[in-house]
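**Q** Okay, handing you the structure first.
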Amino acid sequence: MIMLHKNKGLNKAGLKKAKPAKDWKPKSLLGKAWYFIWYDDSPLSWIANVVLAYVLIKFIVYPGLGLLLGTHYPIVAVVSNSMEHNSDFDSWWQNNEDYYLALNITKDGFEDYPFHNGFNRGDIMFLLGKAPKDIQVGDILVFQSKKPYPIIHRVIDKQEKGMWVFQTKGDNNRGQIKDFELDETRVLESQAIGRAVVRLPWLGYVKIWFVDLLNLMGLGR
């Protein structure tokens, strides 16, 4: 029969209790670092955890996803409302059909496009790298312009002129943008980053709020 011991250092089986991890004080440098990161409750430990998470995501997780998905931008946060529909599809189409019918894009055709109901500012989009020749009209293309962030708009035309040249447009925009920083009437294949394939709603606001905070502090671009 197992005896109950009065000694607080022993358990019911008479074995010595293991010290809780938080009471364990390592002596080696590696052990102290491990203890500081995982068990220390000090503000410095929390800061170290945030920095470590950032480093792991930026230099291991993000590049790993990029290698897997075939693009150096595997994940992007939507920072504008240019792809929002703000209504059901039928109402949105009624307000925009003239523009797309002029491009021989019908309502039925548009409904077969990826993300035909658009997406919102603050969404996270996962990208898949794809050869320019395989990107189709209707796909959501992420490409680099002279703006400091990638553009994510829908392909509305595609032509081969020695290289693939795309035209894009935001679903929520009345027309294409053409200025010094962004010319949607001529997006070269070398500017293409990837095609959006998966959407996670609202998670991108973490990045947007962080960038807005940096801008308020005068640290943004």
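**Q** Quick one: how many residues across the stretch 100-118 are surrounded by 18 or more Cβ atoms within 10 Å (Cβ to Cβ) and free of Cβ contacts under 8 Å to residues at least 24 places away in the same chain?
**A** Adding up the residues that qualify gives 0.
**Q** Can you pull out every residue in the stretch 171-203 that is in a strand (DSSP E or B) and of a type in the set (K, R)? Walk me through it before giving the result.
**A** The initial filter retains those residues of the stretch 171-203 that are in a strand (DSSP E or B), namely 178, 183, 187-188, 192-200.
Scanning the stretch 171-203 gives K178, R195, R199.
**Q** Restricting the stretch 101-123 to residues that are modelled with pLDDT under 95 and charged (D, E, K, R), which is farthest from the chain's Cα centre (by Cα)?
**A** Only one residue tops the list, namely R121.
**Q** Keeping to the stretch 74-99, report how many residues are closer than 17 Å to I156 by Cα and crowded, with 17+ Cβ neighbours inside 10 Å.
**A** 7
**Q** Taking the stated definitions as given, is F143 buried (at least 17 other Cβ atoms within 10 Å of the Cβ), at pLDDT 95 or above, in contact with a helix residue (DSSP H, G or I) (Cβ under 7 Å, 6 or more places away or on another chain) and on the phi < 0 side of the Ramachandran plot? Write out each step before concluding.
**A** Details: buried (at least 17 other Cβ atoms within 10 Å of the Cβ): yes; at pLDDT 95 or above: yes; in contact with a helix residue (DSSP H, G or I) (Cβ under 7 Å, 6 or more places away or on another chain): yes; on the phi < 0 side of the Ramachandran plot: yes.
When the stated conditions are applied, F143 passes them.
**Q** I would also like to ask the following. If a residue must be in a loop (DSSP other than H, G, I, E, B) and surrounded by 17 or more Cβ atoms within 10 Å (Cβ to Cβ), how many such residues does the stretch 146-170 contain? Don't jump to the end; show me each part of the working.
**A** The first filter runs over the stretch 146-170 and keeps only residues in a loop (DSSP other than H, G, I, E, B), leaving 146-150, 161-163, 170.
Next, only the ones that are surrounded by 17 or more Cβ atoms within 10 Å (Cβ to Cβ) stay: 150, 170.
The total comes to 2.
The values are calculated or read from the model by the stated rules, or taken from the named source; none is laboratory data. As the structure is a prediction and not an experimental result, all values here were calculated from the model. Don't worry about glycine lacking a Cβ; one is built from the backbone with ideal geometry, like all the others, and counts go over all protein chains shown.
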